[in-house]
Amino acid sequence: MKALSQSAGGAAASFLQSSTEHFEVVNVLRKFAKAKRSPALAQLAARISTVMVQAGKHGVDPFQKVRDMITGMVKKMKNEASAAATQKDHCDKEKAKSQTSKETLGLGIEKQSAVIDKVKATHAGLAEEAAALQKQLAEIASEQADAAQIRQEEKATYASLKPELQQGMAGIRKALEVLHKQYGDGSNTGPMKTVFSLLEVVEEDTSKSLAKAEVEEAAAAAAFAKTTEGNKNARSIKEENVKYTVAQSRKLAKALS
């Protein structure tokens, strides 16, 4: 714009020296407009050319009008340059905001991906936990089934053994009673003493066997009851854990879908 003012000023001075030199002023402006690729300067050159031609025809000094035109153009170009600078500053700020938004969005996506990965890992962990609990429940059921089978065998053995021992004892006692009646005091002398002694030993052994069988049966029944209660409690707890784990796993699966 400074060059424009200087060129225009020089051209105006030349015009005052000779009106035929106005074309030089126009040519300078046209060259300047072409160099700057400015349609506004090209338009100014055309307007000045028209003004100077009309002034030449009427013998009027066009200097003031040309100067006003150049001054107006310089002011206009300054305003346009200022507006362009303002626009560039605005564009730079918007570009910076856009870049910041992209970076923020990128961080948000990265954070979201991290959250999704964590949810997937938690879901996988819950699935493993549920499978482990199901396996433990199956083991408890198997243990209970084995214990129940053993208990049935024990009860069957006791149920068979007890009446046999009771009948044996009853028979021995009956035999002793009969012998005592038959031999009276003679049961304590001679060969009968030996018979009585043997029968009494057998009676005692049978009584001990029956008592032992009854103690073992009671102990077996108590142990089975304790095992059953323990398995029941363990099964109840693990079943609740399975329900909770499966419910949480389904919620996470729904969130991921």
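None of the figures in this text is laboratory data; all of them are computed from the coordinates on show. As the structure is a prediction and not an experimental result, all values here were calculated from the model. So basically every Cβ, Gly included, is an ideal-geometry build from the backbone, and we count neighbours across all protein chains shown.
General observations
- Neighbours of LYS155, meaning other residues whose beta-carbon lies under 14 angstrom from its beta-carbon, give a summed charge of -3 when Lys and Arg score +1 and Asp and Glu score -1.
- Above-threshold pairs, the threshold being 29 Å between Cα atoms, out of LYS34/LYS88; LYS155/LYS208; LYS212/LYS238; LYS118/LYS232: LYS212/LYS238; LYS118/LYS232
- Over all projection directions, the Cα-based convex hull of region 119-256 averages an area of 10.5 nm².
- Using θ = phi - 60° and Karplus 6.51 cos²θ - 1.76 cosθ + 1.60, couplings along region 143-157 (whole Hz; Gly, Pro as x): 4, 5, 5, 4, 5, 5, 5, 4, 5, 5, 5, 5, 5, 5, 5
- Sorting 248-256, 199-207 by average packing, meaning the other beta carbons within 10 Å per residue, from highest down gives 199-207, 248-256.
- Under Karplus coefficients 6.51, -1.76 and 1.60, residue-wise ³J(HN,Hα) of region 197-213 in Hz, glycine/proline x: 5, 5, 5, 5, 5, 5, 4, 5, 5, 5, 5, 5, 5, 5, 5, 5, 4
- Neighbour counting of Cβ atoms within 10 Å sorts the residues ILE237, ILE140, fewest neighbours leading, into ILE237, ILE140.
- Residue exposure sequence - HIS180, HIS123 - by fewest surrounding Cβ within 10 Å: HIS180, HIS123
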